[in-house]
């Protein structure tokens, strides 16, 4: 069975600085998708970024980028120029083709002014 | 319209009440999901509907009864709930095909007294 592990329950970053959230996963499949979701205190789950496993190029979305290491089964999220609005719980998630979305336990990110 | 909407935002009910949660989407997505989320935990999958048919029931107690009247609407009927059922209930949709990400609604905060 697939598993997703986020080893950092809490992280903090100074406003305007860069922070990296870690995620590792375990799977025997070769084709799958990885996601980072953000859940602010308002509680709406928002998709931040997605990565297809067959793509070697790391996904980027504005200030958000990932470091996808398929062999190491690692999928970290880098947030550049952190803003107060980035404060949230971040979930890493794995989805195989036609399978269920499997979440990590989440990392709470605090942004300090 | 790229939103998933959920009503009500908040619901308080007694253990003998019958209530329903509603989820609506107009994105043409063919898969719809119900999740239950406890505070500071990842969402837990409850049900999946694919093309308006129930495809996955994650051994959810029968006091939760899902319904998909049409491709835009998903209901969750609640009856004889327990206090431990208090949680945030999230609806999500997925387009399918090569687009594998799920889009979440804002959730219904349920409190069972």
Scanning for something under 19 Å from residue B:92 (Cβ atoms), surrounded by fewer than 17 Cβ atoms within 10 Å (Cβ to Cβ) and without any contact (Cβ under 8 Å) to a residue 24 or more places away in the chain, does the stretch A:53-69 turn up at least one residue? no
In the stretch A:37-51, anything farther than 17 Å from residue B:90 by Cα and more than 8 Å from every other protein chain (Cβ to nearest Cβ) is listed as A:48, A:49, A:51
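So which strands (runs of 3 or more DSSP E) stay within the stretch B:1-98 end to end and still have 2 or more residues that are over 26 Å from residue A:35 (Cβ atoms)?
So the answer is B:10-13, B:18-25, B:64-70, B:73-79.
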Picked from the stretch A:59-113 (must be farther than 20 Å from residue A:24 by Cα, away from every other protein chain (no Cβ under 14 Å) and in a strand (DSSP E or B)), the residue farthest from the chain's Cα centre (by Cα) is A:112
Spot the failing condition for residue A:5; the list is (1) more than 18 Å from residue B:101 (Cβ to Cβ); (2) touching a strand residue (DSSP E or B) at 6+ places or on another chain (Cβ under 7 Å); (3) more than 14 Å from chain B (Cβ to nearest Cβ), and only one is missed. (3)
Out of B:6, B:37, report the one residue that is closer than 23 Å to residue A:99 by Cβ and in contact (Cβ under 8 Å) with a residue 60 or more places away in the chain. B:37
I'm trying to understand the selection: among the residues of the stretch A:11-24, which are crowded, with 20+ Cβ neighbours inside 10 Å and either within 14 Å of chain B (Cβ to nearest Cβ) or on the phi > 0 side of the Ramachandran plot (or both)? A:23
Tell me, yes or no, whether the stretch B:90-109 has at least one residue that is more than 11 Å from chain A (Cβ to nearest Cβ), touching a residue at least 60 places away in the same chain (Cβ under 8 Å) and surrounded by 14 or more Cβ atoms within 10 Å (Cβ to Cβ). yes
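The numbers here are math on the coordinates, done by the rules we state, and not lab data. All values derive from a computational prediction rather than experimental measurement. In this analysis, Cβ positions are derived from the backbone assuming ideal geometry, glycine residues included, and neighbour counts consider all displayed protein chains.
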